[in-house]
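The values are calculated or read from the model by the stated rules, or taken from the named source; none is laboratory data. Please read these numbers as outputs of a predicted model, since none were measured by experiment. Cβ atoms come from the backbone with ideal geometry, glycine included; neighbour counts cover every protein chain shown.
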Amino acid sequence: MESWEDELLWDDDFSDEEEELEELPEDGFADWEDSSDGAPEDETLEEALAEERTLELESELEQDEHPRDYHAELEDEEEEAAPTSEKRLKREIRAEALRRLEEAARTESDFLTVVDEWNKLDRNRERRERDHENLRGDVPLEFQSVPDPKIAPLWMNLPRFRQLCQGNFLDIIFSCPYELHELTASRFLSKLFFTLSDEQKEVLYYLFLKQYSTTRLATLRGQSDRNIRKLRMTIQKKLQKRMYEHLSEKLENDQGLTLREREFMEKYEASLQTMGKDAVIRRENKTKPRKKKAVLDDAKDG
């Protein structure tokens with residue numbers, strides 16, 4: 001269907017309009033299918049958003065009816081400092097039992113039992129995540145935002161404001177360079193960010209989280225662009241080295257890695273072989289490659 005702006009540009013000659021109407025089908029909806037191309041996508045997002053809200057409501061109801069004491073499942077400071085603890089032994093016994101079950105599996109029913117055990121562990125992990133944080137699926141935060149609002153200001157359509165209205169205010173409270181360690185649920189990453197200096201936290205926050213350019217950050221800090229890029233490289237070396245050591249310990253303890261973590265291990269090990277102790281995975285240059293000077297000279301001569 002054509003918009004009202006196109007209708008104002010139509011010719012006043014009614015004879016042409018009548019000829020066009022004669023070519024239309026009897027129901028008069030020739031362009032109906034073309035105008036509804038975006039409808040299936042919107043319906044998919046609506047269904048995904050409704051599913052997220054349903055899961056969130058079910059999680060809240062389950063937590064209210066059957067509250068769980070997660071602090072009782074975690075080790076306190078004394079238990080963590082002790083060489084052994086009852087809770088740690090229970091986790092190690094369950095892990096060892098699952099490992100032996102995997103090694104002893106021979107028939108199809110045995111492997112189905114192993115799969116059921118892993119599915120149970122995944123369900124428990126997902127339940128803990130749902131109880132502590134509101135997880136989002138593939139629905140973008142900008143979904144259903146008004147592109148050109150006439151009444152409400154544009155900043156009320158920003159994702160952070162919509163999160164605040166929904167009660168998801170933790171990302172806004174900890175949106176600060178010095179509270180950077182609170183923006184992740186990973187205990188290792190949280191401790192890693194916490195050990196950085198204030199200067200390193202600021203550079204990490206503005207370059208990687210806020211996506212500032214090195215030139216803009218250099219202007220804000222009163223430094224040169226070269227100093228910012230040098231500090232960024234230092235932060236990358238430190239974080240990537242600690243991450244590689246952490247993932248290597250997980251492999252030694254027979255703990256699984258995600259595909260992204262395995263890809264990082266491969267790239268970092270390749271850089272170790274070429275760069276040694278100065279190994280670092282550099283950022284990919286997504287801009288188009290520049291033409292060589294010789295090629296440009298030949299083009300000018302031609």
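In the set Asp225, Asp198, which member is of a type in the set (Asp, Glu), surrounded by fewer than 18 Cβ atoms within 10 Å (Cβ to Cβ), in contact with a Ser or Thr (Cβ under 9 Å, 6 or more places away or on another chain) and not assigned by TED's automatic domain parsing to the domain that holds Arg160?
Asp225
Would you check which residues across the stretch 78-118 are in a loop (DSSP other than H, G, I, E, B), loosely packed, with under 13 Cβ neighbours inside 10 Å and either of a type in the set (Ser, Thr, Tyr) or at pLDDT 85 or above (or both) and list them?
Selection gives Thr84, Arg106, Thr107.
In the stretch 128-186, which residue that is of a type in the set (Val, Ile, Thr) and loosely packed, with under 12 Cβ neighbours inside 10 Å is modelled with the lowest pLDDT?
Val146
Can you report the number of residues in the stretch 201-222 which are out of contact with any Pro (no Cβ under 9 Å at 6 or more places or on another chain), surrounded by fewer than 17 Cβ atoms within 10 Å (Cβ to Cβ) and in a helix (DSSP H, G or I)?
Selection size over the stretch 201-222: 6.
Being among the aliphatic types (A, V, I, L, M), outside any helix (DSSP H, G or I) and more than 14 Å from Thr234 (Cα to Cα) is the filter here; which residues of the stretch 170-200 pass it?
Ala185 - this is the single residue of the stretch 170-200 that is among the aliphatic types (A, V, I, L, M), outside any helix (DSSP H, G or I) and more than 14 Å from Thr234 (Cα to Cα).
Before we move on, is Lys238 surrounded by fewer than 16 Cβ atoms within 10 Å (Cβ to Cβ) and out of contact with any His (no Cβ under 6 Å at 6 or more places or on another chain)?
Spelling it out, Lys238 is indeed surrounded by fewer than 16 Cβ atoms within 10 Å (Cβ to Cβ) and out of contact with any His (no Cβ under 6 Å at 6 or more places or on another chain).
Among the listed residues Leu272, Leu251, which satisfies the condition of being assigned to a helix (DSSP H, G or I) and surrounded by 15 or more Cβ atoms within 10 Å (Cβ to Cβ)?
Leu272
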